[in-house]
Amino acid sequence: MAETESDNQFRTGMAMLAGNTLSPDWEKAVVLIDAAAAAGHADAIERQALLECRGVGRAPSWDKALDLLAIAAGRGSQYAARQLILLADDQFEPADSAEPRQGDWGEMRSRIPIAQRVRASTAPGHMFSASPIVHAVPDFASAAECQWLIAAAAPRLDRAGVYNNPSGIDPGRTNQSALFNFCNSDMVVEMIRHRIANQLDAPLGCLEMSQVLHYGVGQEFVLHCDFLDPQAMREEIARNGQRVATVLIYLNDDFEGGETSFPRLQIDHRGGPGDALVFGNVDSAGRPDSKSQHAGRPPTRGEKWVFSQWVRNRAPG
């Protein structure tokens, strides 16, 4: 089938937004995606839902975003349909399902409990440490959300990098990761990000790009701190803020080993699927806290999956 004008608009707009940093052409990209959506392009309408949710080029609106997701599903977007099924019924539908998803998408959209899905957890959890804070939060994400995140990340895994090395590669970090930029994020990921922001009482703009980490047998991230070095990274901190907190969501438990270890605090933790671990990287005065040093220990059997979210003390810019 020949490429239509809306196909070209959508493909060009997505290419402009495919990087892991904000494109200088983002406004032009948004215009192209909006134009393709206005022409009825199902995939463009699905991406337009993400623009509405994030408030890119418009005021953010969950209601408009979900309305668009239902329209996209009705026009044949299976990606939109799978998101609606999970958000309404907390059910994970694999992307390779043989049968196209069918449903009353408007009715399904009406059943999505937005406030419930983005609210902070009320579970007391377990406070391992008060300074720095190391807090385990049970059942932060559902089993279906965990399956979704693993499936979304698995085809895109690459060697995980480090922030303070020009090459991005460090021999002390041998695990893999997959980032969620605009082209591969979705409404499920965005609701989890909003939930994290509410859990920390932080503006959404303080959240860095989310990622999923994968550890095979023997793969690890040796002892390190997540805060940015105030001297080596002073320009980055001045521009985009300090990395003050980290949130991990454990996505599976069919492995052995693989603890998150804080040796200076004598903490070795392994959460179950959907459990979160929230920890601070700075002290009460906002100074880097070396006691937050931690490691992702290697699994001795199986593979470990974790959703990772770094949080700054202010939005970039």
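Since every read-out is calculated from the coordinates, none of them should be taken as a lab result. Only a predicted model underlies this, so the values are computations on that prediction, with no experimental measurement involved. As a convention, Cβ positions derive from the backbone with ideal geometry for all residues, glycine included, and neighbour counts pool all protein chains shown.
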Restricting the calculation to Cα positions, tell me the Rg (one decimal) and the Dmax (whole number) of segment 29-168 in Å.
18.2, 54
With contacts defined as alpha carbon pairs under 8 Å and 6 or more residues apart, what's the relative contact order of segment 126-312 in percent?
31 percent
Bin all alpha-carbon pair distances of segment 113-227 at 10 Å intervals from 0 and give each bin's fraction as a whole percent.
11, 35, 41, 12, 0
Please compute P(r) over all alpha-carbon pairs of segment 5-112, binned at 10 Å starting from zero, and give each bin as a whole-number percent.
16, 44, 32, 8
Using a Förster distance of 30 Å, the FRET efficiency for GLU5-ARG58 (Cβ separation, nearest 0.05)
0.85
P(r) of segment 165-317 over all Cα-Cα pairs, 5 Å bins starting at 0, rounded to whole percent, reads 2, 9, 17, 22, 22, 18, 9, 2, 0
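Would you kindly calculate the translational diffusion coefficient of the chain, applying Stokes-Einstein with the Kirkwood radius from alpha carbon pairs, for 4 °C and a viscosity of 1.567 mPa s, and quote it in µm² s⁻¹ without decimals?
Using the Kirkwood radius from Cα pairs, D works out to 63 µm²/s.
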Just to confirm the number: angle between the C-alpha axis of helix 187-200 and the first principal axis of the chain, 0 to 90 degrees, nearest 10?
40 degrees
What nm distance separates the two modelled labels at ARG159 and VAL31, each placed 7 Å from Cα along Cα→Cβ?
4.0 nm
Counting each DSSP H run of 4 or more residues in the chain as -39500 (n - 2.57), what helix-only mean residue ellipticity at 222 nm follows after dividing by all residues, to the nearest 500 deg cm²/dmol?
-10000 deg cm²/dmol
What do you get for Rg/Rh of segment 65-118 when both radii come from the Cα atoms and Rh is the Kirkwood radius?
0.94
Helix 143-153 axis, angle to the chain major axis (alpha carbon atoms, nearest 10°)
80 degrees
